[in-house]
Amino acid sequence: MAMMGGGMNGEKKEIILQARDLHYAYSEEKMALDGVSLDIREGEKIAVMGSNGAGKSTFFLNINGVLKSESGEIAYRGEKMTKKTLNHLRKNVGIVFQDADNQIIASTVRAEVSFGPMNLKLPRTEVAGRVDEALAYMNLQGFENRPPHYLSGGEKKRVSIADILAMHPEIIIFDEPTAALDPVNADMLEEVLGKMAEDGKTILISTHDVDFAYRWAERIVVFCGGRIIADGEPLEVFRDSEVLKRANLKRPMLLDIYEILRGQGLVKEGMACPRNVDEFAALFAGKL
């Protein structure tokens, strides 16, 4: 599949992070990353997909600076990252982990959200302002003095996102963010993601949920065996049966329904394929 760069409308956005030929192995037997290269552009909404063990999380930890690739390089806004500049990378690329309990360490919500900005050695007044801003963004006012480990799963997820927001990163990575959430909290998360995108954040999400990826992302990146095997717009990727088979993915339900209706002559040629329920309903507005 042809590699792409830029938004769904073809406009070229500024590249803010480049990964070039990354190699990483946890053992001699298997490469977790086997020559991965990717450009990430400002304001993109990218869904990163693939089966377990495909290399998604390892890639995230490399571009965040938690792991150091054995070969290859990472550049942030044109500057090659070295040991001396890794903190700059970690400051600007934040990760929200799948299990909030693995991320939360403090005894109160305020102390938890303060932890990252304090490590940046910011003035106390700026730390306090960032914490209040992040708590308000995640609708957590009134939670400041509560122990985070006694919160519900959805509330913990909101705290873990506030953690990252208080750091003011340009890129926010979500590793399987809806995996442990009930439908109500999953909808809450999707609303937050929409708000972040409107505010200009660059967002990468690893997910197995093809329906979510299809309606949310403007770009799909598919990993398999430590390599990227597809990188394109959602419709392009999800119509590639060979890619789906290699990555153990299925087609989104709305795409399947659309293709069935088109095959029955119920959808005219040239009509855009809907990516969410509202767009699907619009296809039949006034016809049912």
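Does at least one position in region 228-236 carry a residue that is touching a helix residue (DSSP H, G or I) at 6+ places or on another chain (Cβ under 6 Å), at pLDDT below 90 and either assigned to a helix (DSSP H, G or I) or surrounded by fewer than 19 Cβ atoms within 10 Å (Cβ to Cβ) (or both)? No, every residue in region 228-236 fails to be touching a helix residue (DSSP H, G or I) at 6+ places or on another chain (Cβ under 6 Å), at pLDDT below 90 and either assigned to a helix (DSSP H, G or I) or surrounded by fewer than 19 Cβ atoms within 10 Å (Cβ to Cβ) (or both). Scan region 166-191 for residues that are open to solvent by less than 20 Å² (accessible area, probe 1.4 Å) and either touching a Lys or Arg at 6+ places or on another chain (Cβ under 6 Å) or under 30 Å from residue 123 (Cβ atoms) (or both) and the total you get is 6. Going by the structure shown, is residue 47 within 25 Å of residue 213 (Cβ to Cβ) and either part of a strand (DSSP E or B) or not hydroxyl-bearing (Ser, Thr, Tyr) (or both)? Criteria met by residue 47.
Residues that are exposed (fewer than 14 other Cβ atoms within 10 Å of the Cβ), outside any helix (DSSP H, G or I) and under 18 Å from the mean Cα position of the chain (by Cα) do not occur anywhere in region 254-265. Among the residues of region 75-91, those that are of a type in the set (A, V, I, L, M) and either over 19 Å from residue 44 (Cα atoms) or part of a helix (DSSP H, G or I) (or both) comprise 81, 86, 89. Scanning region 86-104 for residues that are among the β-branched types (Val, Ile, Thr) and more than 17 Å from the chain's Cα centre (by Cα) turns up just one, 104.
Any residue at all in region 142-150 that is closer than 23 Å to residue 203 by Cβ and free of Cβ contacts under 8 Å to residues at least 60 places away in the same chain? Taking every residue of region 142-150 in turn, none turns out to be closer than 23 Å to residue 203 by Cβ and free of Cβ contacts under 8 Å to residues at least 60 places away in the same chain. Considering each of 279, 269 in turn, give the residue that is open to solvent by 80 Å² or more (accessible area, probe 1.4 Å), over 24 Å from residue 60 (Cα atoms) and either part of a loop (DSSP other than H, G, I, E, B) or in contact (Cβ under 8 Å) with a residue 40 or more places away in the chain (or both). Among 279, 269, only 269 is open to solvent by 80 Å² or more (accessible area, probe 1.4 Å), over 24 Å from residue 60 (Cα atoms) and either part of a loop (DSSP other than H, G, I, E, B) or in contact (Cβ under 8 Å) with a residue 40 or more places away in the chain (or both). Looking at 94, 116, 72, just one residue is part of a strand (DSSP E or B) and open to solvent by less than 20 Å² (accessible area, probe 1.4 Å), and that residue is 94. Would you be able to say whether some residue in region 237-245 is part of a loop (DSSP other than H, G, I, E, B), within 30 Å of residue 21 (Cβ to Cβ) and not charged (D, E, K, R)? Taking every residue of region 237-245 in turn, none turns out to be part of a loop (DSSP other than H, G, I, E, B), within 30 Å of residue 21 (Cβ to Cβ) and not charged (D, E, K, R). Just one of (1) over 30 Å from residue 39 (Cα atoms); (2) open to solvent by 70 Å² or more (accessible area, probe 1.4 Å) fails for residue 241. It is (1). Residue check: residue 108 meets all listed conditions (1) within 23 Å of residue 202 (Cβ to Cβ); (2) open to solvent by 10 Å² or more (accessible area, probe 1.4 Å); (3) of a type in the set (S, T, N, Q) but one, namely (1).
The values are calculated or read from the model by the stated rules, or taken from the named source; none is laboratory data. Fair warning: this is a prediction, and the values are worked out from it, not measured in the lab. Note: ideal-geometry Cβ built from the backbone for every residue, glycine included; neighbour counts use all protein chains shown. Heavy atoms of the whole protein, side chains included, go into the accessibility calculation; ligands, DNA and RNA do not. Shrake-Rupley method; radii C 1.70, N 1.55, O 1.52, S 1.80 Å.
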